[in-house]
Structures are given as structure tokens and as C-alpha cells.
Amino acid sequence: MNVVLLGLPGAGKGTQAQRLKEGGLVHITTGELFRENIRQGTELGKQAQPFYDRGDLVPNELTIGMLLDRLRQPDTANGCLFDGYPRNLQQAVALDEALTSEGKAIDQAIYFKVDEEELVKRLAGRWNCPNCATVYHETNQPPKVAGICDNCGTALAQRADDSPDVVRNRLEVNLKNLRPLLDHYRRQDKLLEIDGDRDPEQVHQDLRHLIFGDDADAAVA
């Protein structure tokens, strides 16, 4: 089972994917791939960093290179949750081709539909643990002690790309690419929409229903 999670930044894809890993699917996020390559100082990471720091889309050839490296790792054999990739039609076609060469395919594309102003609020209040990568939110999921990770006690930090100005730029850039991408999976009869404005637990139950067939009343289109 290979599932693409679609939606603008802050729609909740990453949070839900973390909870869905129990089903045996590997969570692949391009954001983490970018950060890991930048931390390691790889050639792809060095080329991607200026785009990443500005909140612009990293060029397709760099993103595809990092993703293909990740897909070659053995833990992806049972399927993946693709979060943050593809971001545009060209990437979707490249992903289809890469999976086809391995005898695989995308089974579902699930679109998290969330109001844009809500997304700005979500992202501007997001904080991350630089040690264990746990994500918090000032309002929706605050740590027990302000500014400190519950899990490891590390001081939390806000990523540069989560500042309000960069957030709005990211949303504008992503909106230009989202509609053709949705049309791509709609034409393949693989696209499902889910209401991401609701309580996270409701969204989680609906996703389990869609992906694993759990007994839940999914609000889909």
C-alpha cells in the first residue's frame, strides 16, 4: 500500500502520518529529507538549502534525487505514506514512473482540505524539538512546560520556514501547484478528500477507515 497525503503546509498530514505508522507504512516527508541532507552536508542538501531557507519549492530534480535515495532503503518494501511529495504535476509523474520501475504504484491520494487562514494560524504557532523531532503547537498541542520538549527535555525551536511571512509565501507557492496535482490523481480515480478542519481524532479515524478499512464513518468526497 502506497498512499500520497496531499494538502497545503499545516493541513495535518505529518501529524496523522505519525499515528498511522503502526499500520506498517513508512512515513516519508520531503521536509525531513531536506533537513537530513542539509544536516549531513550532502551535495543535494547544499543545493537545496537556499530554496528551503526562503520557503520556496526546492527544484524537482533535487527533490526527486533525495526521494529516490530514500526509496532504495529496505524499510520501504511494505509501502509508504508520502507526505510533502509530490507538490506539483511534474513530481507526480516522476513518482509514478519511479514506482512503476519497481513494480509498484500509488494506491490512494488523500487530500486534507483546510481553510487557508486556519493554516496560517497553525503554522505560526508550531514549535519543534531539534533533538527528537517532536512537534508542538502553542495552542493545539503545547508542551507540559513552555519551551521544553516533554520527551527529552530539549529546548524547543521554531523553524525559520514557520515564521508568518514565510508561511504565507509557502501557501501562495503551493496553491499554484495543488490544483493540477489533484486533477492528476482524480483522473486516475485515486483521489479522496477529507475534512482536515475538524478535531484531529476525527480525522484520524476517517484516515484509518480509508487506508486500513477500520470501522469508522469517513467524511470523504
Checklist entry - Given the conditions (1) more than 17 Å from the chain's Cα centre (by Cα); (2) in contact (Cβ under 8 Å) with a residue 60 or more places away in the chain; (3) over 20 Å from residue 210 (Cβ atoms), and given that residue 55 satisfies all but one, which numbered condition is not satisfied? => result (1)
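Consider residue 155 carefully, then state whether it is over 18 Å from the mean Cα position of the chain (by Cα) and surrounded by fewer than 14 Cβ atoms within 10 Å (Cβ to Cβ).
Judged against the criteria, residue 155 is a match.
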Next on the checklist: Within segment 137-149, take every residue that is surrounded by 14 or more Cβ atoms within 10 Å (Cβ to Cβ) and modelled with pLDDT of 90 or more and give me the one that is nearest to residue 178 (Cα to Cα).
Outcome noted: 142
Next on the checklist: Here are the criteria: (1) more than 28 Å from residue 61 (Cα to Cα); (2) surrounded by 14 or more Cβ atoms within 10 Å (Cβ to Cβ); (3) in contact with a Leu (Cβ under 8 Å, 6 or more places away or on another chain). Tell me which single one residue 119 does not satisfy.
Outcome noted: (1)
Checklist entry - Within the bounds of segment 96-103, is there any residue that is outside any helix (DSSP H, G or I), in contact (Cβ under 8 Å) with a residue 60 or more places away in the chain and surrounded by 13 or more Cβ atoms within 10 Å (Cβ to Cβ)? => result no
Checklist entry - Is there any pair linking a residue in segment 112-136 that is of a type in the set (A, V, I, L, M) to one that is part of a strand (DSSP E or B), with Cβ under 6 Å and at least six apart or on different chains, and which? => result 135/128
Item to check | Residue list for segment 184-221, filter: out of contact with any Leu (no Cβ under 8 Å at 6 or more places or on another chain), among the charged types (D, E, K, R) and at pLDDT 85 or above | outcome: 186, 187, 189, 190, 193, 195, 197, 198, 199, 201, 206
Checklist entry - Looking at this structure, is residue 70 assigned to a loop (DSSP other than H, G, I, E, B) and either touching a residue at least 12 places away in the same chain (Cβ under 8 Å) or of a type in the set (Gly, Ala, Ser) (or both)? => result no
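The values are calculated or read from the model by the stated rules, or taken from the named source; none is laboratory data. Just so you know, these numbers come straight off a predicted model, no measurement behind them. Here Cβ is always computed from backbone atoms with ideal geometry, including for glycine, and neighbour counts include all displayed protein chains.
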